Structure formats: structure tokens, C-alpha cells
Amino acid sequence: ATYLAVRGGSVLSSTGMTNAVRSLMTWNGLTGADKIFAGAGTTIWDISTATASSTGVTGLANVDFQWTNIKTPGGIYLIYVNGANSMGAYDGTTWTNPVVTGATSSTFANVCAFKERLWFTVVDSLDVYYLGVQSIAGAATVYPLGSVFHRGGHVIGMGTFSNDAGEGPDDYMCFVSSNGEVAVYAGTDPASVNTFALMGRFDVGMPIGRRCTIRWNGDLGILTQDGIVSMKAALQFSRESIQKASITGKIQTLFSQLSGLYRTNFGWMMMTYPKARYLIVNIPQITNDTQTQLVMNTITGSWCQFTELDGGCWGVANDNLYFGGNS
């Protein structure tokens, strides 16, 4: 925040995977060390040691995961979906495929936890589903959003934000459409309009990929072709003037150039690393081959660019920052 420095380097953490790493997922337990896993090829790998080992989850259609952690009476679970295989769960020891009724979990493309419930988007659909409170299985209930979004498309992302920088009664749930609309809801029980209601619908730029949202400091950032939009700012500005409060406002020209060139490539994502006060935006110049990163100091809002760190995906575990290699 007060001086210039050359960025840190990197060290090889785990080897043995023969395909590009396209996802990093972290299981956060109550005690002990976090566990971090990589999706490469058709397999989920345990990368906690210098040589990666298969978790036994193999033969997947893809490893482009969206994931979250949730605590239930049965334990703490890492929940992941990929839009092609049945939803998966990890409880710190065992990998399973929880049984979901009322929906086909292999069509779940994104997952988000809100008010102790799991919510899911569906591949190429304006319907979303939710499970019961503190549940990872059982009956899924549809929550249609087709009449909410005016420009069609499908629900591509979800996220939450709060007005008090934490988690509490004033948290909001956001659904992001592929055509750049955001529906904001507040409440607890989606079964009733008296307990879960639409607070507003807002226009932003078209989001980039399924990994288009990130929460930090109580805010929700949405990665769009216009830049990273602060959801709190989107409540106050139209799309035409949103760059006045855009997180990427200082580098808007550069960001627009990069999004124009590479927005169709796989690998766009955001990651926060509080230890170094980083907000990282991964830019895939060549999918599974070459990447660069735009990095913001979260204290000052100033940006720099990292090069020569070819990471297809990023993750944090045990207060360390990881990226997945392309080889």
C-alpha cells in the first residue's frame, strides 16, 4: 500500500497430472489443514503432496468445476458441479454423489450457498433450483426466473453480497444472466414471496464465463466484458455510467482490449488473496497454454499486471496462493 515491489515468484507444489489443471477446489474444515484438489483431464486429484494422487473420482466429462463449502449436521462438505456429471460432495474423507430428486443434478452448472441453502443454476436455462436448509441431498425445488429477465439468455452465475461487510439479515442473493442482467433477492425461505422477494433487476455488461462472480469485503464483483462491476455500485448507476464506480475503472482501456481479444477463451476467473491484499483477474490469452493476470491492491485500488505466471486457474488453501499449470 505504501511502496513498489517486484512480485513474488512461484515454486512447484505438486506434479504427476498429465493434462492442464482447469480447476482448483478447497475443502475448509473446522480444525486442521485445508485440503486442496485439482481437476485435470477427467480426474479429481489430491495435490496435498509433491506427487499428485487420484481421489478415485475419474471418468468425468469435464473438470470445469464450480464449487462451494457448506456446513450441515452431517459435517462440512465441498460441493462441486460441472454441468455434465452428477453433483459431487467431499466430507473431508469420502467422495460421494448425493441423491437429488426433483431435478437432474448432472445439469447443475453452478452452485452457491445462501442462508444455509444450496442453490444451483442449470445448463442453458433460466430456472434455478434450491435444496432444503443445511441439506446436500433430497428434494430440489425449482425457482423460475424466466419472467424476471427481460433479455432472455440463461442464468450463468450467482453470488451474494451484504450491506454490512459480513453475513447477516441484510444479505442479498444475486442471479446473473448470460445477457447481462442481475436479479437481486432478499429473504430466507424461497417457498413464499413473503419471505423471499425480488428487490430489483439491474443491467450490467455481458458476463465472462461461469466463474464470473466473487465476494469480498461484503461486496460482490461481477466479471463482465465492460469490466468488474461492484454490485453495490450497480444499485446506484446505469450500465452507461457504471464505470464511474467500476472496480476496473482505472484500467478500463486495457481491460476492454483484453476482454475484446480473449473473452471467449476458458480460464477467466477472479480470486482474492487477503494475505497479500490481491484481487486477481486471470486472463487466458491461449486456453490451457498462456495466461496473464491483472492484480489489484485491495487497500488502494491500484492495479498492476503479472506476467510469466501461466496459471489456468487459481485457489487459496492454508493461507497459500496456488495456480494450476498448463502441462
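Karplus-based coupling profile of the stretch 174-184, in residue order and whole Hz: 10, 10, 10, 8, 5, 9, x, 10, 10, 9, 10, with θ = phi - 60° in 6.51 cos²θ - 1.76 cosθ + 1.60 and x standing for Gly or Pro.
Database remark: amide H of residue 277 closer than 5 angstrom to no amide H (H placed geometrically; neighbours at sequence offset of 5 or more, or on other chains; Pro and chain starts carry no H).
Cα gyration tensor of the stretch 109-217, axes a ≥ b ≥ c as square roots of the eigenvalues: rounded (a/c below 1.5), prolate (a/b > b/c) or oblate? Rounded, because the longest to shortest axis ratio a/c is under 1.5.
Taking every C-alpha pair closer than 8 Å and separated by at least 6 residues, the mean separation divided by the residue count of the stretch 193-315 gives a relative contact order of 17 percent.
In this calculation the C-beta distance from residue 86 to residue 179 is compared with R0 = 25 Å, giving a FRET efficiency of 0.30.
Residues of the stretch 81-96 falling in the label zone of residue 48, defined by backbone nitrogen less than 18 Å from a point 7 Å along Cα to beta-carbon, are 89-96. Close amide H contacts of residue 228 (hydrogens built in the peptide plane, cut-off under 5 Å, sequence separation of 5 or more or a different chain): 247, 248. Shape class for the stretch 245-327: oblate, because the ratio a/c of the largest to smallest gyration tensor axis (alpha-carbon atoms, square roots of eigenvalues) is 1.5 or more and b/c is at least a/b. Of interest is the spacing of the C-alpha centroids, which for the stretch 254-304 and the stretch 56-121 amounts to 26 Å. Packing, as the average of other Cβ atoms within 10 Å across residues, places the peptides 82-90, 220-228, 298-306 in the order 220-228, 82-90, 298-306, highest first.
Here the 3J(HN,Hα) profile of the stretch 67-82, calculated from phi with Karplus coefficients 6.51, -1.76 and 1.60 at θ = phi - 60°, is 8, 7, 10, 8, 9, 10, x, x, x, 9, 10, 8, 10, 9, 9, 9 Hz, Gly and Pro shown as x. Candidate cross-link partners of residue 35 among the aspartates and glutamates, defined by an alpha-carbon separation under 12 Å and a same-chain spacing of 8 or more, comprise 46, 91, 319. In this simple spin-label approximation, residue 147 and residue 28 carry label points 7 Å from Cα along the Cα→Cβ vector, and these lie 3.7 nm apart. Which one of 296, 270, 199 has the biggest mean-square fluctuation once the chain is modelled by GNM with Cα springs under 10 Å? Fluctuation is largest for 199. Per-residue ellipticity at 222 nm computed for the chain from its helices equals -1000 deg cm²/dmol, with DSSP H segments shorter than 4 residues left out and the rest contributing -39,500 (n - 2.57).
Taking 0.36 nm per residue of separation and subtracting the Cα-Cα distance, what length does fully extending residue 307 through residue 139 add?
On the way: separation 168, 0.36 × 168 = 60.48 nm, distance 4.63 nm.
Working it through step by step, the gained length comes to 55.8 nm.
So what does log10 I(q)/I(0) come out to for the chain at q = 0.10, 0.11, 0.12, 0.14 Å⁻¹, using the Debye formula with one equal point on every Cα and no solvent? Here log10 of I(q) over I(0) equals -0.56, -0.69, -0.83, -1.17. Between residue 104 and residue 287, the FRET efficiency from the beta-carbon distance, with R0 = 22 Å, is close to 0.20. Model label sites at residue 300 and residue 197, defined 7 Å from Cα along the beta-carbon direction, differ in position by 4.5 nm. Backbone geometry of the stretch 138-149 corresponds, through the Karplus equation with coefficients 6.51, -1.76 and 1.60 at θ = phi - 60°, to 3J(HN,Hα) couplings of x, 6, 9, 10, 6, 10, x, 10, x, 7, 8, 8 Hz, x marking Gly and Pro.
Each value in this text was obtained by applying a stated rule to the coordinates, not by laboratory testing. What you see is a predicted model; the values in this text were computed from it and never measured. Cβ: placed from backbone, ideal geometry, glycine included. Neighbour counts: every protein chain shown.
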